[in-house]
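Dropping a structure here in structure tokens format, bear with me for questions.
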Amino acid sequence: MNTFTAFRIHSSAGKIHAGFEKLTLDDLTSGDVVIKSVYSNINYKDALAATGKGSILRKFPLVGGIDVAGLVEDSNDDRFKHGDQVLICGAGLSETMDGGYSQYVRVPGSCIIKLPESMSLYQAMAIGTAGFTAALAVNQMQLNGQRPEMGPIVVTGATGGVGSYAIDYLSGLGFEVIAISSKADRINYLESLGASKVISHQSLSMGNRPLEQNLWAGAIDCVGGKLLSWLTRTVKPLGNIAAIGLTGGIEINTTVMPFILRGINLLGINSVYCPNEIKTKLWNRMATDLKPRHIDLIVTQKINFEQLPEMFQAYIQGKVTGRTVVKIAKKGQV
């Protein structure tokens, strides 16, 4: 290829501006594998980066997009050959190196995952960082002793990508799942994913005692702030809370009492720093025992590459349910 299209993010005089540009491989950050992109997706993090609402990029300019799946075009890494189907989720894309919103991506081989045999490139990006992060949370909770017979798991921010997949995975593993959401019109959606009950975020009476009534055996929290603080006071003894999101705030107000009197565990979940060998194992789980049962429901939008810029504001405003898959390759190119 000579030139190709990429969605690039710049900073000028402290302001962020982004748009499509024509680039060459020499314009991209270094790497030993070139991938022809087929699909990407949109995460909340992508919207923050593209709009400047969050400090995501650590250098400028960079191509946006933390996820991408496609075909190896050229490789100087013996682990990959031309035509291999691969994916990258997180791993510093659109933070320290050029990301997946590009017709071609160049990356170090160390951040690439080979596509599991029973998974398509489309399915990989339907899952993406959101689905992987949910799988990482479930996996960490299981490693820390979480079992279905302990009682229900509550999932907050339930209509987002992470929350949606968390409900799918947990219910598929036999857990009772309670969803907490501020979107009253999405009850049917959440129940269709496997939630046995949906609670309105607005209806919660959180109290302010160091320990509140035991309500849940564990939680996957995609919100943070006051809601996470309340969860620490309401999870049953020996339960696990997997903390993922911060849309509700970055502060947590609690005491040591839930941790030393009930023995609860607060698990920080981060997909970027997850070692590649663990990522590979989890992607293979997502093709087998953690295989999502409701991808067609969770993917609520499928768009072409050129539609990308108009989608970010809805994410910033919290108006998106589920996942958006972005088709980068044009028809006939793959």
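If packing is taken as the average number of other Cβ atoms within 10 Å across a peptide's residues, how do 51-59, 203-211 rank, most packed first? Show your work: numbers first, answer last.
Working: 51-59: 14.8, 203-211: 11.2.
With the highest mean Cβ count within 10 Å placed first, the list reads 51-59, 203-211.
A further question on this structure: Which whole-Hz ³J(HN,Hα) couplings does segment 190-203 yield from phi under the Karplus relation 6.51 cos²θ - 1.76 cosθ + 1.60, θ = phi - 60°, glycine and proline marked x?
Values per residue, Gly and Pro as x: 5, 5, 5, 7, x, 6, 7, 7, 10, 10, 6, 4, 5, 8 Hz.
Can you tally the net charge around residue 33? Count Lys and Arg as +1, Asp and Glu as -1, for every other residue whose Cβ sits under 14 Å from the Cβ of residue 33. Show your work: numbers first, answer last.
Details: positive: 36, 79, 81, 106, 114; negative: 32, 73, 74, 77, 78, 84, 98.
Result for the local shell: -2.
Check which residues have an amide H placed less than 5 Å from residue 219's amide H, if you skip close sequence neighbours.
Distant-sequence amide H within range of residue 219: 154, 240, 241, 242.
Skipping prolines and chain starts, which residues have an amide H placed within reach, meaning under 5 Å, of the one on residue 301, given they are 5 or more residues away or on another chain?
Amide H neighbours of residue 301: 323, 325.
To continue, here is another question. Grab the DSSP H runs of the chain that are 4 residues or longer, score each as -39,500 (n - 2.57), total them, divide by all residues and round the 222 nm result to the nearest 500 deg cm²/dmol.
On the way: 9 runs with 84 residues, N = 334.
Result for the chain, helices only: -7000 deg cm²/dmol.
Would you work out if segment 236-334 is rounded, prolate or oblate? Take a ≥ b ≥ c from the square roots of the eigenvalues of the alpha-carbon gyration tensor; rounded if a/c is under 1.5, else prolate when a/b is larger than b/c, oblate otherwise. Walk me through the intermediate numbers first.
Details: a/c = 2.69, a/b = 1.69, b/c = 1.59.
Prolate, because a/c is 1.5 or more and a/b exceeds b/c.
Also, quick follow-up: Where in segment 290-324 does the amide nitrogen come within less than 19 Å of the point 7 Å from the Cα of residue 122, taken along Cα to Cβ?
Counting only backbone N, you get 291-308, 322-324.
Taking every pair of Cα atoms in segment 1-145, average 1/r, invert it to obtain the Kirkwood radius, and report Rg/Rh to two decimals.
On the way: Rg = 15.3 Å, Rh = 15.6 Å.
That ratio is 0.99, to two decimals.
Kindly state, to the nearest 0.05, the FRET efficiency for residue 74 paired with residue 206, given R0 = 56 Å and r defined as their beta-carbon distance.
Numbers: r = 54 Å, r/R0 = 0.97.
FRET efficiency, residue 74 to residue 206: 0.55.
Then there's this: How far, in nm, would the chain grow between residue 213 and residue 317 when pulled straight, counting 0.36 nm per residue and subtracting the alpha carbon separation?
Here the answer is 34.2 nm.
Work out from phi, with θ = phi - 60° and the Karplus expression 6.51 cos²θ - 1.76 cosθ + 1.60, the ³J(HN,Hα) of each residue of segment 78-94, listed in order in whole Hz, and give x for Gly and Pro.
4, 6, 10, 10, 3, x, 4, 8, 9, 9, 9, 10, x, 6, x, 4, 6
Distance between Cα centroids, segment 208-265 to segment 1-45: provide it in whole Å.
With segment 208-265 and segment 1-45 each reduced to a Cα centre, they are spaced 39 Å.
Neighbour counts of other C-beta atoms within 10 Å: give me 250, 241, 16, 199 arranged from fewest to most.
Details: 250 8, 241 26, 16 19, 199 16.
Fewest-to-most Cβ neighbours within 10 Å comes out as 250, 199, 16, 241.
Excluding residues on the same chain fewer than 8 positions from residue 327, give the aspartates and glutamates whose Cα lies under 16 Å from its Cα.
Result set, ordered by chain and number: 46, 67, 296, 306, 310.
Additional query: Applying a 10 Å radius around every beta-carbon, put 98-109, 21-32 in order of their mean neighbour count, most first.
The most tightly packed comes first, giving 98-109, 21-32.
I'd like the Karplus ³J(HN,Hα) series for segment 103-118: coefficients 6.51, -1.76, 1.60, θ = phi - 60°, whole numbers in Hz, and an x wherever there's a Gly or Pro.
5, 9, 10, 10, 9, x, x, 5, 9, 9, 10, 6, 4, x, 4, 8
May I ask you to list the residues of segment 310-330 whose amide nitrogen lies under 14 Å from a point 7 Å from Cα along the Cα→beta-carbon direction of residue 192?
321-323
Using only Cα atoms, what is the ratio of the radius of gyration of the chain to 2.2 N^0.38 Å?
Values: Rg = 20.0 Å, N = 334, 2.2 N^0.38 = 20.0 Å.
In units of the 2.2 N^0.38 Å rule of thumb, it is 1.00.
Further question: Report the full-extension gain for the segment residue 144 to residue 296: residue separation times 0.36 nm, less the Cα-Cα distance, to one decimal in nm.
Values: separation 152, 0.36 × 152 = 54.72 nm, distance 3.08 nm.
In short, 51.6 nm is gained.
Take each of the peptides 177-184, 272-279, 226-233, 110-117, average the number of other beta-carbon atoms within 10 Å over its residues, and list them starting from the highest. Each step should come with its number before you reach the end.
Numbers: 177-184: 21.1, 272-279: 13.2, 226-233: 22.6, 110-117: 17.2.
So the order, starting with the most tightly packed, is 226-233, 177-184, 110-117, 272-279.
Taken together, the values in this text are just the output of simple stated rules run on the coordinates, not laboratory data. Keep in mind the model is a prediction, meaning the values are calculated, not measured. All Cβ positions, glycine included, derive from the backbone under ideal geometry; neighbour counts span all protein chains shown.
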